[in-house]
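Presented below is the structure to which this report refers.
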Amino acid sequence: MADSAAVVSQQQQNQRKEIYTYEAPWTVFSLAWSNRIQQNSQFRLAIGSYIEKYENSVQILKTRYTQHHPQVEPIMDIYSACTIEHPYP
């Protein structure tokens, strides 16, 4: 029993709470998380614009890791993988 408590404690220490930001080029009207259930699927978030013109946009956001120095942990950032235009509304 003590071993399983130690494993849980180690897992809790390994987990980090992190906050990431992404600034869209327009006012964000809608959000949708990817619903893939595969464990190896990447983080994906769709965001939609609300512009009072005929053309609005949907962006698919993903994450990537970059490592600037071998002794430093990789840094995760969010980027726009693609943008899709769609008619208003």
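The values are calculated or read from the model by the stated rules, or taken from the named source; none is laboratory data. Being a predicted model, the structure only gives us computed values, none of them experimental. Cβ coordinates were reconstructed from backbone atoms using ideal geometry, including for glycine residues, and neighbour counts include every protein chain displayed. Just the protein is used for accessible areas: all its heavy atoms, side chains included, with ligands, DNA and RNA removed. Shrake-Rupley method; radii C 1.70, N 1.55, O 1.52, S 1.80 Å.
What tally of residues in the range 71-89 results from selecting those that are polar (S, T, N, Q) and either modelled with pLDDT under 80 or under 18 Å from GLU18 (Cβ atoms) (or both)?
At the first step, the residues of the range 71-89 found to be polar (S, T, N, Q) are 71, 80, 83.
Now narrow it down to the ones that are either modelled with pLDDT under 80 or under 18 Å from GLU18 (Cβ atoms) (or both): none.
Residues flagged as polar (S, T, N, Q) and either modelled with pLDDT under 80 or under 18 Å from GLU18 (Cβ atoms) (or both) within the range 71-89 amount to 0.
Just checking, how many residues over the range 23-70 are open to solvent by less than 40 Å² (accessible area, probe 1.4 Å) and either modelled with pLDDT under 80 or farther than 15 Å from GLU85 by Cβ (or both)?
The number of residues fulfilling the criteria is 4.
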